[in-house]
1. Just the residues that are outside any loop (DSSP other than H, G, I, E, B) and modelled with pLDDT under 80, please, taken from the range 237-247.
2. Scan the range 200-230 for residues that are closer than 20 Å to Y272 by Cα, of a type in the set (S, T, N, Q) and in a helix (DSSP H, G or I) and report the count.
3. Considering only the range 248-280, how many residues are in a helix (DSSP H, G or I) and at pLDDT below 80?
4. Looking for something modelled with pLDDT of 90 or more, out of contact with any Ser or Thr (no Cβ under 6 Å at 6 or more places or on another chain) and within 15 Å of P70 (Cα to Cα) - is there at least one such residue anywhere in the range 163-170?
5. Search the range 21-32 for residues that are outside any helix (DSSP H, G or I) and pair each with any residue that is among the charged types (D, E, K, R) when their beta-carbon atoms are under 8 Å apart and the residues are at least 6 apart or on different chains.
6. Of V95, V82, which residue is assigned to a helix (DSSP H, G or I), under 15 Å from F165 (Cβ atoms), free of Cβ contacts under 8 Å to residues at least 40 places away in the same chain and out of contact with any helix residue (DSSP H, G or I) (no Cβ under 6 Å at 6 or more places or on another chain)?
7. Pick from the range 380-406 the residues that are over 25 Å from the mean Cα position of the chain (by Cα) and at pLDDT 75 or above: which of them is nearest to W266 (Cα to Cα)?
Amino acid sequence: MDNSIIVFYFFLGVLLQLPDLAIRFFLIDLGIEVATLSAFQATMVIPWCLKPLYGFVSDNILICKLRRKPYIILCNLLCMIVWLVMYTLEDQIWVAQCLLVLASVFTCFTDVMYDSILVEIAKKEHVEDHGKAQSWCWGARAAGAFTAAAMGGFLLKYMKPQDIFILEAVILLLVAVVACALIDEQPTVRGIGARQQCRAIVEAMKNPSLWKPAIFVFVFAATPSSYTAFFYFLVNELKFTSGFLGVLTCVRHVAMMAGTYAYSRWFRNVPYRTFFIILIVLSAVMGASPVILVTHMNTRIGLPNSLFAAGDDLFLSVIGQIALMPCLVLAAKLCPKGIEASLYASFVSILNFAGIVSEYSGALITHLMGVTKNDFDKLPELIMICTFTSLIPLLFIKLLDHGTIKDVVERNRNRELELI
């Protein structure tokens, strides 16, 4: 496996996580409300639902006969400019939101380029090694996010959020330079053609082994989220500092790395349906646990707020990381040659769109429940409603194939051979 792709996934984790807390505190300082911030967080995901478009562009519009490298360099440089402009803002909240969405577009485009390179690597793996390439890259991304979370929480003690934006711009410039040096892409005469590509994507998505798990994962990820309201509770009610929130984020990303390792080491060959039934039940149980914190039950039994918050963040992160991996492994394995960026991006975009539905529905329930930045009386009920909805995917479990990922891939290969 080309180790250079691991380097770029590490940098991607850094770039996605480093400004996260700074953005939240920047917008909170400007007076944004709970439901509004939750809705905006969902809006930030919209560019990530356009991944097929970015893949379509890179597969068909070549720059210097290359499909990936020029786009990686260009998007990093453009994103750098956006963060430099963000540094100059003071109180223009709508301008800031527009710029953040634009930065999300450029970051997502770069992510699609990395994913397309990863898919080409993953397709060359032996069947018994399925998921290893992705596990290494996702582990590197989580390691980068952990590094950035540790830096971000610490730096916010001594710097303004806008100063973090400058640091983000510097790292983007560094990534563009590294891309020039490390990415060795062979020239391509031309793309496969827009019409042929669309036809290939449609034909590929007709495969039940792709569209059925895509629907299931959408349902799994689209249930309402109460996290933004819970974040406000940590900041405004429990008075957690940016430093401690940075520590919580570090814990989450350590848990994600642990989840990546656990999947690669123990869960790659667990039957598909059994795997998700266990995760759904665990997710519901752990999703309800913040009720103990928001009702202050933990203090009555002698457990400190900080310890309980860290434990909840850890388990949910492990579950979430493990849940998405088999679906993305399957998408990479069944992706036809020539449309790697477009089809894989289409599958991932379904997950991102589910995230938007989750955030917007969570924002709506938050508004209807009357939870605000200073009123958390209904927060326990909000969390329980979101918890009960997380069990809905159990009704769709039959959409998943029997057997393991390896069994599904082998059945598809045998089917293809029969058609030849």
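1. Once the filter is applied, which keeps residues that are outside any loop (DSSP other than H, G, I, E, B) and modelled with pLDDT under 80, the range 237-247 yields S242, G243, F244, L245, G246, V247.
2. The qualifying residues number 1.
3. Looking only at that region, the number is 21.
4. no
5. So the pair list comes out as L30/D91.
6. Only one candidate qualifies: V95.
7. H402
Every residue, every condition in (1) touching a Phe, Trp or Tyr at 6+ places or on another chain (Cβ under 8 Å); (2) without any contact (Cβ under 8 Å) to a residue 12 or more places away in the chain; (3) in a helix (DSSP H, G or I); (4) more than 20 Å from A214 (Cβ to Cβ), yes or no:
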| position | (1), (2), (3), (4) |
| --- | --- |
| S361 | no, no, yes, no |
| T366 | no, no, yes, yes |
| D375 | no, yes, no, yes |
| I383 | yes, no, yes, yes |
| D401 | yes, no, no, no |
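The values are calculated or read from the model by the stated rules, or taken from the named source; none is laboratory data. All figures in this text were calculated on a predicted structure; none of them were measured in a lab. For neighbour counting, all protein chains shown are included, and Cβ atoms are generated from backbone atoms with ideal geometry for every residue, glycine included.
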